[in-house]
Amino acid sequence: GDDVAGLVIAANEKTLLQSACRELAAGFDVPETTAALLAEDGGAAVVVAEALYAGLPSAVGERIPVRGVEPVEAVLQRGAPMQGENAADDPRLAPMRAWLTQRRTRSVLFLPLIVAGEAAGLFLVSTPEPHPFSLADLSLAQTISAQLGQALENVRLHQTTLTHATDLWLLRNPATAM
């Protein structure tokens, strides 16, 4: 029961985050958006979904340094978006510079993904050229970020309910479980 439910959970989370990446890229008119969930140790976030421009290799499965990256830590702690207009030269982003350079990121908007009041990950809305995000963009990003966190929480709650229902069914029907 848990194995199947785990696969469904992963599929639904990935589907939600993949759709969110596409919508964020279109909404902010940027060529790349990445969704990354925090690793258990909290020192990095693992890329789980993305929307990319042609020619850029997928980053799914890659680890993005988080610990020691002041703007990212602030975004996750405060739950508010923050931008980096010149990401390649920003000393605060030094721990993730290699990753940003590989991704050809010049400007980036960090959006927190807060689930049930806890930092679960972040979105990186990126461009290969300078792209200052306006105050209106930041306000919209805050709203979108909160909605995506709530949507992910709902997916997780739904999947927990499904897992419990499956476990109960298996307990009542032990002959079928084999």
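The values are calculated or read from the model by the stated rules, or taken from the named source; none is laboratory data. None of these values were measured; they are calculated from a predicted model. Neighbour counts run over all protein chains shown; Cβ positions are idealised from the backbone, glycine included. Please note that ligands, DNA and RNA were not included when accessible areas were found on the heavy atoms of the full protein model with its side chains. Shrake-Rupley method; radii C 1.70, N 1.55, O 1.52, S 1.80 Å.
Would you check which residues across region 32-55 are surrounded by fewer than 16 Cβ atoms within 10 Å (Cβ to Cβ) and of a type outside the set (Phe, Trp, Tyr) and list them? Reasoning before the result, please.
Step one: list which residues in region 32-55 are surrounded by fewer than 16 Cβ atoms within 10 Å (Cβ to Cβ), which gives 39-43, 53-55.
Matches in region 32-55: Ala39, Glu40, Asp41, Gly42, Gly43, Ala54, Gly55.
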Worksheet item: Using beta carbons and a limit of 8 Å, which pairs, at least six apart or on different chains, have the first residue in region 75-98 and touching a residue at least 60 places away in the same chain (Cβ under 8 Å) and the second one of a type outside the set (Ser, Thr, Tyr) and not in a helix (DSSP H, G or I)?
Response: Gly79/Pro112; Gly79/Ile114; Gly79/Ala119; Ala80/Pro112; Pro81/Leu109; Pro81/Phe110; Pro81/Leu111; Pro81/Pro112
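I need the full set of residues from region 105-120 which are free of Cβ contacts under 8 Å to residues at least 60 places away in the same chain and either farther than 16 Å from Val66 by Cα or in a loop (DSSP other than H, G, I, E, B) (or both), in order please. Walk me through how you get there before you give the answer.
Here is the first cut: in region 105-120, the ones free of Cβ contacts under 8 Å to residues at least 60 places away in the same chain are 106-108, 110, 112, 114-118.
Arg106, Ser107, Val115, Ala116, Gly117 - these are the residues of region 105-120 that are free of Cβ contacts under 8 Å to residues at least 60 places away in the same chain and either farther than 16 Å from Val66 by Cα or in a loop (DSSP other than H, G, I, E, B) (or both).
In this structure, is Gly55 part of a loop (DSSP other than H, G, I, E, B), small (Gly, Ala, Ser), at pLDDT below 90 and touching a Lys or Arg at 6+ places or on another chain (Cβ under 7 Å)? Full working, then the answer.
Values: part of a loop (DSSP other than H, G, I, E, B): yes; small (Gly, Ala, Ser): yes; at pLDDT below 90: yes; touching a Lys or Arg at 6+ places or on another chain (Cβ under 7 Å): no.
Spelling it out, it is not the case that Gly55 is part of a loop (DSSP other than H, G, I, E, B), small (Gly, Ala, Ser), at pLDDT below 90 and touching a Lys or Arg at 6+ places or on another chain (Cβ under 7 Å).
Condition check ((1) open to solvent by 50 Å² or more (accessible area, probe 1.4 Å); (2) closer than 18 Å to Leu152 by Cα; (3) more than 13 Å from the chain's Cα centre (by Cα)) across all residues:
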{"residue": "Arg67", "(1), (2), (3)": "yes, no, yes"}
{"residue": "Glu70", "(1), (2), (3)": "yes, no, yes"}
{"residue": "Glu73", "(1), (2), (3)": "yes, no, yes"}
{"residue": "Pro91", "(1), (2), (3)": "yes, no, yes"}
{"residue": "Thr105", "(1), (2), (3)": "no, no, yes"}
{"residue": "Leu124", "(1), (2), (3)": "no, yes, no"}
